[in-house]
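Here the structure comes first, spelled out in structure tokens, and everything after it is commentary.
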Amino acid sequence: MGLSAAAANLEWGECIVPVAPVPPALRAEVRKAVGAVPGWLARLAPSPWLVRGLCEIIKRPIAHAPLEVCDLVTLVVSQENSCRYCYGVQRAVLKIFGQRDEYIDALVRDGQVGELTPAARAALDLARRLTRANPRPGGADFEALVRAGFSRAAAAEVVFAAAGNAITNRVGTLLALPPEPLVSFVASPVFRLVRPLLAWRMRPRPRAPEPAPHPDDGPCAAVVAALDGSPAAGVLRRTIDGAWASAVLPRRTKTLMLAVIARALGCAHGEGEARRLLAAEGLPPAELDGILANLGSPRLDAREARLLPFARETVRYQPAAIQRRTREVAQGLSPEEVLEAVGIAALANAVCRMSVVIDAC
Amino acid sequence: MLILAAALAAVVVALVLWLGHTRRTAAALEERLAAAAGSLESLQQAFARFAPAQVVEDIIAQGVSTRSEKKEVTVLFADLKDFTALAEHLDPDLLVRILNGYFERLSRAITNHRGHVAKFIGDGILALFGALEENPWQTNDAAHAALAMRAALADYNAALAADGLPALAMGVGIHRGTVVAGVIGSAELIEYGVIGSAVNLAARVQELTRAHAVDVLVTAAVRDALDPRFTLHALPPLEVKGLPAPVGTFAVDRFDAETRAQTPSTP
């Protein structure tokens, strides 16, 4: 269920990972990508693939769907996920782009704002249901979005915007990221004066269509291919490849987490991909069946035995409970391992939700 | 001319006052609307613990939900053994306090394992796993909940003993099967519930805990879906009311994360 302005003060613990030194090159890269150095960089810097993935998502790699609709999708998904961090940021961003408080409140309250087109309403509806994933929407829901007036490429980007927010929301909530200074700034008297300048600097520009990356032979290639024509395809490919190439957690552990999240979401594609990758890692299918059936096995290492039940809990959660759980899991892990585990859980949740685009193919 | 100017000034003052009043009223209304939205959202969150989110949304939007579906769930029935006899000897206030302490501890054990307490029936508890959200691990969750209930009751009994009060004993029956789930009831009283033979069988299995002198019993359908790291022992089939053939059950002894898969012992 959602988060309203009235409920924005929900329980939110101390950030789970400490502040870390940020390599100057990474800081410069982030500044160039998003136009500023966000507060989260100092927390996430030990996981460069996660930092780069977040920057690319924030930049809105959208060429076909209306950016205004994607902004609203981001807000309602953050509301559904009860992510106080992302909700605060996205609300501030909408205000910077000139949306009135009353409009944002009405949108958050019931999503039925008179100014919304039927297509935008359909996009918000699918975004909400993708976020809840109870049950996870399927190909028919994607087709309904197309019938509501989006081209297939635009509908795929709407799905990307909604599911991509599964990454930012989970990183924000699971790690209990502290609020960005931007959130309090939009309430200050100076804000009105500098708003147009901020809006000009921050507003993402529509991007040109891009072919799907080539080669596209990494994990979950079919989902990436389904975004062909959108810059989102390249963002997804680079983020998945970066995550799987990182040596902080073994590939087997990360792929097992993907398998668990796919099973929880009933995502046949995600589970199939995980099976293929784990077979290549030498895990016999029968053993994987046992692990997935019981979320455990004496053959898992101690870290896997902690991370697989945790992966399951990242699918649907209440913020305070998942933050407690993340804190427990983090006890025996280094900050780098915590960041990678949360990042992988977030990415797997996103990919398994995005696979609605291939259900429709 | 002077009169005209004075009249105009009066109109302007009145307009300014009216505008100020209107703005204050609008702000107050907006504040009340935001507060109401906050309350509605809290209510929605609270309701989500009692019914699936889609059912809650139906009820909020239309006042009723006609959504009903067949789904595979794991049903857990818990009941206090010999509580009626105990109740006759206790002061009513004390009795209710003991019972509430029991419900609170056991409900927490259930919800901590993703179960949903569907209702309290006298001193019994009906809990469902996999009813409110898709849950491929519902049967393991139910068995873990039963073991957590066993531990919670042991703790509670220690606290009761410290106060010089009698110990409680419970029986738990777990069965997995297909039920019809939906909003059931009349205009005066409705609830999200499940119906079907799976619910009845879980209740009957719970009754068998007395005959077998164990606290947690599961059916073959549960055993087949259960993590092999649970240690079970098979018990002889017994007749139960409403079923033509005797029902075989398995007592749940413990869960050991380190043990390898094992076959339950035969009686």
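Modelled spin labels at residue A:36 and residue B:16, positioned 7 Å past Cα toward Cβ, are 3.9 nm from each other. Can you give the Kirkwood hydrodynamic radius of region A:26-160 from its Cα pairs, in Å with one decimal? Answer for region A:26-160: a Kirkwood hydrodynamic radius of 16.0 Å. Positive contributions from Lys and Arg (+1) and negative ones from Asp and Glu (-1), summed over other residues with Cβ under 13 Å from the Cβ of residue B:83, come out at -2. In terms of overall dimensions, the protein assembly as shown has a Cα radius of gyration and Dmax of 27.7, 112 angstrom. Shape analysis of region A:212-361 based on the Cα gyration tensor places the equivalent ellipsoid semi-axes at 24, 17, 15 Å, largest first. Cross-link partners of residue B:71 among aspartates and glutamates, defined as those whose alpha carbon lies under 16 angstrom from its own and excluding same-chain residues fewer than eight positions apart: B:133, B:134. First select every other residue whose beta carbon is under 13 angstrom from the beta carbon of residue A:272; then total the charges, Lys and Arg +1, Asp and Glu -1. After counting each charged neighbour, the total is 0.
Across chain A, Cα-Cα pairs more than 33 Å apart make up 23 percent of the total. Taking square-rooted eigenvalues a ≥ b ≥ c of the alpha carbon gyration tensor, is region A:160-217 rounded, prolate or oblate, where a/c under 1.5 means rounded and, failing that, a/b exceeding b/c means prolate? Verdict is oblate for region A:160-217. Pop the C-beta distance of residue A:208 and residue A:280 into the FRET formula with R0 = 25 Å and round what comes out to the nearest 0.05. So the FRET efficiency works out to roughly 0.10.
Could you tell me how many degrees, from 0 to 90 and to the nearest 10, lie between the Cα long axis of helix A:152-174 and the main elongation axis, the longest principal axis, of the Cα atoms of chain A? With rounding to tens, the tilt is 80 degrees.
For a straight C-alpha distance cut-off of 26 angstrom, the lysines reachable from residue A:32 (same-chain residues fewer than eight places away being disregarded) are A:59, A:95. From the P(r) of region A:116-270, can you give the percent of Cα pairs sitting at distances over 20 Å? Tail of P(r) above 20 Å: 63 percent of Cα pairs. Put B:77, A:160 in order of accessible area, highest first, and with a 1.4 Å probe you get B:77, A:160.
Of the residues A:221, A:345, A:155, the one that moves most in a GNM of chain A with alpha-carbon contacts below 10 Å is A:221. Roughly what angle does helix A:335-354 make with the longest principal axis of chain A, taking Cα atoms, 0 to 90 degrees, to the nearest 10? So the helix axis and the longest Cα principal axis differ by about 80 degrees. Buried area at the B:A interface is about 2300 square angstrom, summed over both chains, from accessible surfaces computed with a 1.4 angstrom probe. The portion of the accessible surface of region A:225-356 made up by carbon and sulfur, rounded to a whole percent, is 54 (1.4 Å probe; DNA, RNA and ligands excluded). Which residues belonging to region B:133-153 lose at least 30 Å² of 1.4 Å-probe accessible area when the assembly is complete, relative to their chain isolated? Correct list: B:133, B:134, B:136, B:137. The length gained by stretching the chain between residue B:100 and residue B:220 to full extension, at 0.36 nm per residue less their Cα-Cα distance, is 40.0 nm.
Looking at region A:42-164, the accessible area is 31 square angstrom per residue; that uses a 1.4 Å probe and ignores ligands, DNA and RNA.
For residue B:81, the lysines whose Cα falls under 25 Å of its own Cα, not counting residues fewer than eight places away in the same chain, are B:119, B:241.
In this simple spin-label approximation, residue B:187 and residue B:7 carry label points 7 Å from Cα along the Cα→Cβ vector, and these lie 5.9 nm apart.
Of the GluC sites (Glu not before Pro) found in region A:9-58, those that fall in a DSSP loop while having at most 14 other beta-carbon atoms within 10 Å are A:11, A:14. Once the Cα atoms are used to define both axes, helix A:118-132 deviates from the longest principal axis of chain A by about 40 degrees.
Separation of region B:131-166 and region A:163-180, taken as the distance between their Cα centroids, equals 33 angstrom.
The values are calculated or read from the model by the stated rules, or taken from the named source; none is laboratory data. Just so we're clear, the structure is a prediction, and the values are computed from it rather than from any experiment. Neighbour counts run over all protein chains shown; Cβ positions are idealised from the backbone, glycine included. Heavy atoms of the whole protein, side chains included, go into the accessibility calculation; ligands, DNA and RNA do not. Shrake-Rupley method; radii C 1.70, N 1.55, O 1.52, S 1.80 Å.
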